[in-house]
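Values in this text are rule-based calculations from the coordinates and carry no lab data. Keep in mind that this is a model prediction, so the values were computed, not measured. We place every Cβ from the backbone using ideal geometry, glycine too, and count neighbours over all the protein chains shown.
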Amino acid sequence: MGPVSVHKMTWRRDAALLIAAVTLMACGASPRPVAQLSPAPTHQPSPTATVQAQSSPSSAPTAAATGPSPASSPVPTPTAALASVSCSGGPSATMAVVAGTLVYDVADPIHPRLVCRGANTVVHLLDSKAIAYTRVAAGHVVIVRRDIATGAESQIAQLKTKADPFYYYGPSVWTWDGSLEVYATSGIPDANDRWVVSVHLRSGAADSVLFTIDAGPGGLESRWSPRQILAFSPDHAYLAVSDFGFAIYGSNTRIFSVADRRQTFVTAASSSGGTWIANDRFVWATMSGSLMQWTPAAGAKLLRSEWWYGATSTADGRWLAGTIFTRLGVDRYDNSKLRTLIVPIGGGATFTTGLGSTPGFITSSVLWYAEEGPCAASGSCGMDITAPTGTIHSFDITSGTDRTVTFRSGEAPKTAEGFTLCCTISG
């Protein structure tokens, strides 16, 4: 297990950002964004973690035990931060969104150019000339279209979600035009510091509760904890969602039919992320390492048996990639030899990189991933032997070449503290 973060009773993973707005993961028929920020930066040590990690990684990573009680460390009231987007240098015919806020010109994937940078928001690529992003206006989250070349902006839609951190809860997902939205609401915690979260699907004026879960109390989240799934299929006919995005002990992975709100599939097993590779074909990795596939006709079945963590795909659904652990035996893994595995959907040659993790496709044939290396100091990575070095690699499937990406000064996908934000696609 890697570094852990303590989440208390009022565990709201994204509340410190733009309340509900920045947790909105853009989906739609337009080109998909390439990389979204994971629940925690890939190698950020927790300044508040007090619970000891396990003595040995004898099983697949899971969420850890409950943290300190709320009374011992009150959670401050979150405040909304202003969303901002700055663009320069003009658009490009080949662009990709990394970490949900960084838009790169990747016509030359080895020497990319930063086109736009967002803060306290989520950016979605609409086409080769425009982006959409979220901001708060009059107390509501709205979707704004921005012309990259001229800077002209127009409001596309207003979402149901309001900038209210104590009612609208956790992650959301919306189609680029605002016609569909998934969001959650929560009540006031009861005497036992527990509360119920209701997950809604809004379509136009119609609003339905898909399911409710007990979201308390809080606990710990590590580098290799489950990852949330919240994604519409490309044709918007289905929705894949995991409970983990709304409750740290939530373990169900679900698929709903958007037309009739019917739950067509559910499995009581935590996941580490997933991806739609067709209008009716969803692939996800379980926390026990298996890569699973669901279709309406065949249901769920095992797709691959390497020890997968996360799954991402090209926009055309022809290639899959994920972070791969070395399997040592039944429910045992080795996280000192992390690799990125790239496999074709229809069969054929596979590719395995050097030490690396968190891959994301920036084009239909090029993948970026974060290089891994030995931890800088003993114990600084918890149970992990490696951590991202800050170097990003570009792997070209067509040629089979693996090269280091050179970013312009100040344009690398990192936080101000130097934590790597590349390159996982959020499920």
- prompt: Has segment 198-220 got any residue that is in contact with a His (Cβ under 7 Å, 6 or more places away or on another chain), surrounded by 18 or more Cβ atoms within 10 Å (Cβ to Cβ) and not hydrophobic (A, V, I, L, M, F, W, C)?
  reply: yes
query: Which strands (runs of 3 or more DSSP E) sit wholly inside segment 231-287 and have at least 3 residues that are free of Cβ contacts under 8 Å to residues at least 40 places away in the same chain?
result: 252-257, 263-268, 281-286
message: Any residue that is touching a residue at least 60 places away in the same chain (Cβ under 8 Å), within 19 Å of ARG227 (Cβ to Cβ), assigned to a loop (DSSP other than H, G, I, E, B) and aliphatic (A, V, I, L, M) - is there at least one of those in segment 395-408?
response: no
message: Condition first: in contact with a Cys (Cβ under 8 Å, 6 or more places away or on another chain), of a type in the set (Phe, Trp, Tyr) and assigned to a strand (DSSP E or B). Now tell me which residues in segment 169-227 satisfy that.
response: TRP174
message: Quick check on GLY245: is it closer than 21 Å to SER208 by Cβ and crowded, with 24+ Cβ neighbours inside 10 Å?
response: yes
query: Is there a residue in segment 142-149 that is crowded, with 21+ Cβ neighbours inside 10 Å, among the β-branched types (Val, Ile, Thr) and part of a loop (DSSP other than H, G, I, E, B)?
result: yes
query: Looking only at segment 289-316, which residues are under 25 Å from PHE246 (Cβ atoms) and either surrounded by fewer than 16 Cβ atoms within 10 Å (Cβ to Cβ) or aromatic (Phe, Trp, Tyr) (or both)?
result: TRP294, PRO296, GLY299, TRP308, TYR309
- prompt: Identify, please: which residue in segment 116-159 is of a type outside the set (A, V, I, L, M, F, W, C) and out of contact with any strand residue (DSSP E or B) (no Cβ under 8 Å at 6 or more places or on another chain) and is, among those, farthest from VAL103 (Cα to Cα)?
  reply: THR150
field: Answer residue from segment 171-188, given it is in contact (Cβ under 8 Å) with a residue 60 or more places away in the chain and under 18 Å from ASP243 (Cβ atoms) and is surrounded by the fewest Cβ atoms within 10 Å (Cβ to Cβ) among those
entry: VAL173
